[in-house]
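Structure first, commentary second.
The values are calculated or read from the model by the stated rules, or taken from the named source; none is laboratory data. Predicted model, so just to flag it, every value in this text is computed and none were measured. Ideal geometry is used to build each Cβ from the backbone, glycine not excepted, and the neighbour counts take in all protein chains shown.
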Amino acid sequence: MKKIATVTAGLLFAVAALAVAQTTDQVHTDHYRVTSQLGSQHAAEVAARLETMIQLYNRYFRFDLDSLPRPMRVRIFADRARFHDYLSATIGERRDDFVYLHYSDPARSELVAYDAPSPEFDYALAHQSFIQYLRAFIPHPPLWLREGFAVYFEQSQYDHQSGTVTYRENLAWLDPLKKILDGRAAVAPLELGDMLVMDVEAARANLEVFYPQAWGMVSFLVNSEQRDINRLLWDSINALQPEAGLRENTERVYQRAFRWIDTDALVEGFLAYIDSRRSFPELVTSGIEAFDNRSYDEAETLLLAATGIDAASHIPYYYLGLVNYERGNYEVAEVYYRQAIERGATESLTYYAMGVNAYAANRHADATRFLERSVTLEPERFGGRVEQLLSRMDG
């Protein structure tokens, strides 16, 4: 009776999963089969993006893409609720983010996602599509290599018009990693040897440390100016075997790439590399200090670097507007001010800056419009100053 009940429950799960997974559109490309509840155009756009992304991944791993026995499967739901329903029906649990489901039967493996705003959709798709790509060739790679590279590629940007992808460095983990390494965090760093051989259970128990440290190791191995350090990464990739399990591949990489390296020197180099990288808060703070000291070239360099880390923050754009105002580049300054407003800058302050900028450029009509807008938004703060500027223009 118990066996019959178990079989019946399994059939119910399968039927439920089939019902939840019904999608209206499917697109096939050379390496992907994408189904989407958002329509054929969406499926085609995602498939095109993924085809471009795996070319980026393959610059590092050099797998034979033509050797894939079947296209990689991607399933996209119209909303998170249907995504959760599908996972509950297929694996009996829910996930908060996109997930790559890996099975011993490769024909069943699939990346499961849902419609989400940008950049959330972009980051999650890049992360999980890399894991899908890697595990299509190496089903059981070492965790630090798998997750470190997944985070490393996360913020790469796809241009829909040109159909190209640009690698954009993901430094979101830099500041947390610095805090872990210098003792400011509540958790201690992992020993190098422990991280390199970490299994799934240990990684889950140390997620707060494992992710930033795995990303940091990949970044260090890729970007180090020392060829011996770069070679550790290429030797690690060359040591991977498709038929090996997680433990065996982890041991192969450790023995073939890291066994002969001076561990103390490697750790010292890693610490120096991370210390040399500047996080978003560090770049913004240094950029503002340089601006206050009238070192405008230095301020611009630092603030532009900050936008490369966090393009959504308004702070560097506002100060880039101030930098160009001081240089007399009034048109450029206004572009940056507008970009700051688009990203949530305080409108009263930014419109006031735009008004001063337009006044300096002898665009009095625009200056009046911007200044009056700042007063409307915050009269107590800007009323007196705006009145003085407007009287000068009238005079």
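Before we move on, is R168 more than 28 Å from F83 (Cα to Cα) and either modelled with pLDDT of 95 or more or surrounded by fewer than 19 Cβ atoms within 10 Å (Cβ to Cβ) (or both)? So R168 fits the description; yes. Under 27 Å from L134 (Cα atoms) and in contact (Cβ under 8 Å) with a residue 12 or more places away in the chain: does that describe I288? The answer is no for I288. The residues of segment 246-287 that are outside any helix (DSSP H, G or I), basic (K, R) and touching a helix residue (DSSP H, G or I) at 6+ places or on another chain (Cβ under 9 Å), listed by number, are R277, R278.
The C-beta contact set for segment 378-389 (first residue under 14 Å from Y359 (Cβ atoms) and assigned by TED's automatic domain parsing to the domain that holds A367, second residue of a type in the set (S, T, N, Q) and surrounded by 15 or more Cβ atoms within 10 Å (Cβ to Cβ), distance under 8 angstrom, 6+ apart or interchain) comprises F382/S348; F382/S374; V386/S374. Considered as a group, the residues in segment 97-122 that are out of contact with any Lys or Arg (no Cβ under 9 Å at 6 or more places or on another chain) and assigned to a loop (DSSP other than H, G, I, E, B) include one that is farthest from R146 (Cα to Cα), and that residue is P117. From the list R94, R49, R59, the lone residue that is surrounded by fewer than 16 Cβ atoms within 10 Å (Cβ to Cβ), assigned to a helix (DSSP H, G or I) and not assigned by TED's automatic domain parsing to the domain that holds R343 is R59. Counting only residues that are under 13 Å from L192 (Cβ atoms), in contact (Cβ under 8 Å) with a residue 12 or more places away in the chain and surrounded by fewer than 17 Cβ atoms within 10 Å (Cβ to Cβ), segment 244-260 holds 1 of them. Please go through segment 184-243 and give me each residue that is of a type in the set (S, T, N, Q), closer than 17 Å to S276 by Cβ and free of Cβ contacts under 8 Å to residues at least 24 places away in the same chain, ordered by number. If the condition is that a residue be of a type in the set (S, T, N, Q), closer than 17 Å to S276 by Cβ and free of Cβ contacts under 8 Å to residues at least 24 places away in the same chain, then N230 is the only one that fits.
Determine if segment 301-317 includes at least one residue that is surrounded by 21 or more Cβ atoms within 10 Å (Cβ to Cβ), in a helix (DSSP H, G or I) and touching a residue at least 60 places away in the same chain (Cβ under 8 Å). Taking every residue of segment 301-317 in turn, at least one turns out to be surrounded by 21 or more Cβ atoms within 10 Å (Cβ to Cβ), in a helix (DSSP H, G or I) and touching a residue at least 60 places away in the same chain (Cβ under 8 Å). In segment 275-296, of all residues being hydrophobic (A, V, I, L, M, F, W, C) and at pLDDT 95 or above, the one that is surrounded by the most Cβ atoms within 10 Å (Cβ to Cβ) corresponds to V284.
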